[in-house]
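Inspection log for the structure reproduced underneath, given as structure tokens.
The values are calculated or read from the model by the stated rules, or taken from the named source; none is laboratory data. Computed from a predicted structure; not experimentally measured. Cβ placement follows ideal geometry from the backbone for every residue including glycine, while neighbour counts extend to all protein chains displayed.
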Amino acid sequence: MNAPILLHMRGVSKAFGSTQALDDVSFELRQREIHGLLGGNGAGKTTLMNILFGLYRADAGEIFLNDQPVHITGPKDAITHRINMVHQHFLQVGSFTVLENILIGAPRKNRWNNRYDAEVQKIQSLQERFGLQVPLDALIEDLPMGMRQKVEILKALYRGVQVLILDEPTTNLTPQEVDALFQSLRVMVQEGLSVVFITHKLREVMSVCDRITVLRNGKNVLTLDRQEASEDAFVRAMVGEGMDLSRSVIFAHAGQDLPAPAPVPLLRVEGIVTAPAEGSVALKGISFDVREGEIFGIAGVAGNGQRELAEVVMGLLPVQSGQVFLRDQTLPHPDSRRVLKGDFAYIPEDRLHDGFLPRASVAHNLILGLHRRPPYSNGRVIDWSTVFSR
């Protein structure tokens, strides 16, 4: 028997200038369910949930909670109605501890001193119930992304959430962390919560969601129970019935004949040792080769030195001993110009904070580091006609 409807968004529309982000979208969330919101980039998934959380105002539409109309004009209203959202890019204060981030804006039992005994006890109880272990005295800026996500979920649980929205929650997680998150979500649902799981990954919704809704071009095109769902149905809903799936969707499969990598290493890392520092892991004698034409994988649970190793290779982190060679030429440390020479490119774990200038345009970000070199510049003035023509 189907569970009662907890939340109903009816006829929601939203435009940004001439772009119609949502067009008469309806969405239902049942009690004690994980509802997947599936679609490609720009389908309207996050926009719809930003309206539910009060970050955006809908141009049209209604929201009902327990069959009662509710008016959400901001996140404070949403939290009052026990609706909370964990964003893809976490809203945290890096220089604050885990405990301080969880308690930001929450009511205090005792406002006249700095004792948090009751609050800590409540948070520790939530950690035990939902498997979200994070050291409360750790600084946010020292934690890997998987741990930071746990902090955001704990923040929502601490405020007594009933509807939890997760926006692309597995983007920065290892496979082990994804499994742990899914286990925590199942416990939450068993204890009475309802979850909206925003993603574009088919395997995830088929694994953890009870029902799945597909958005495409700002419209609701399909809602199915997991038992009656198939990956093929979702692919067709995401890309459109009229499209040739053999052309629009490429599925990886084993057994492909790939060219063999070159026998001589292109990149060689020998005996890298780094000094221990607050917030980072020391590398201890790391060595490996990467050959031309090869995809070289580095696996491990988050926080075990992957970021530090990448920064050593990129010349961003000094070393105590060891060498990095490119085509048998020794590379100095540190040497941040390595990126600008064009031999290396680096996509960091936290792209928003370490890879982008959020307030700059796409064009500015694309030429960042190359803005003083031809053909984009004569060394003094950027040739924007060249930038936009490329």
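Mind checking whether some residue in the stretch 61-77 is surrounded by fewer than 14 Cβ atoms within 10 Å (Cβ to Cβ), at positive phi and of a type in the set (S, T, N, Q)?
Yes.
In the stretch 120-147, what count of residues is obtained for those that are at pLDDT 90 or above and of a type in the set (D, E, K, R)?
4
For the stretch 203-228, what are the residues that are surrounded by 21 or more Cβ atoms within 10 Å (Cβ to Cβ) and either of a type in the set (A, V, I, L, M) or out of contact with any strand residue (DSSP E or B) (no Cβ under 9 Å at 6 or more places or on another chain) (or both)?
205, 208, 212, 214, 215
If a residue counts only when it is farther than 24 Å from residue 81 by Cβ and aromatic (Phe, Trp, Tyr), which helices (runs of 4 or more DSSP H) contained entirely in the stretch 139-211 have at least 1 such residues?
Once the helices (runs of 4 or more DSSP H) in the stretch 139-211 are filtered for at least 1 residues that are farther than 24 Å from residue 81 by Cβ and aromatic (Phe, Trp, Tyr), what remains is 175-190.
Regarding the stretch 157-167, can at least one residue be identified that is of a type in the set (Asp, Glu) and surrounded by fewer than 20 Cβ atoms within 10 Å (Cβ to Cβ)?
Looking for residues that are of a type in the set (Asp, Glu) and surrounded by fewer than 20 Cβ atoms within 10 Å (Cβ to Cβ), one finds none in the stretch 157-167, hence no.
When residue 200 is evaluated against the numbered criteria (1) buried (at least 17 other Cβ atoms within 10 Å of the Cβ); (2) in contact with a Leu (Cβ under 7 Å, 6 or more places away or on another chain); (3) of a type outside the set (Asp, Glu), which criterion, by number, is the only one it fails?
If we test residue 200 against (1) buried (at least 17 other Cβ atoms within 10 Å of the Cβ); (2) in contact with a Leu (Cβ under 7 Å, 6 or more places away or on another chain); (3) of a type outside the set (Asp, Glu), just (1) comes out false.
What are the residues in the stretch 356-390 that are in a loop (DSSP other than H, G, I, E, B), within 16 Å of residue 345 (Cβ to Cβ) and either in contact with a Leu (Cβ under 9 Å, 6 or more places away or on another chain) or in the same structural domain as residue 337 (by TED's automatic domain parsing) (or both), if any?
Once the filter is applied, which keeps residues that are in a loop (DSSP other than H, G, I, E, B), within 16 Å of residue 345 (Cβ to Cβ) and either in contact with a Leu (Cβ under 9 Å, 6 or more places away or on another chain) or in the same structural domain as residue 337 (by TED's automatic domain parsing) (or both), the stretch 356-390 yields 356, 368, 369, 370, 373.
Got at least one residue in the stretch 262-276 being out of contact with any strand residue (DSSP E or B) (no Cβ under 6 Å at 6 or more places or on another chain), surrounded by 15 or more Cβ atoms within 10 Å (Cβ to Cβ), part of a loop (DSSP other than H, G, I, E, B) and at pLDDT 85 or above?
Yes.
Tally the residues that are more than 24 Å from residue 173 (Cα to Cα) and either of a type in the set (Asp, Glu) or part of a helix (DSSP H, G or I) (or both), restricting the search to the stretch 212-233.
Residues meeting the conditions: 5.
Please work out if residue 117 is surrounded by fewer than 12 Cβ atoms within 10 Å (Cβ to Cβ) and modelled with pLDDT of 90 or more.
no
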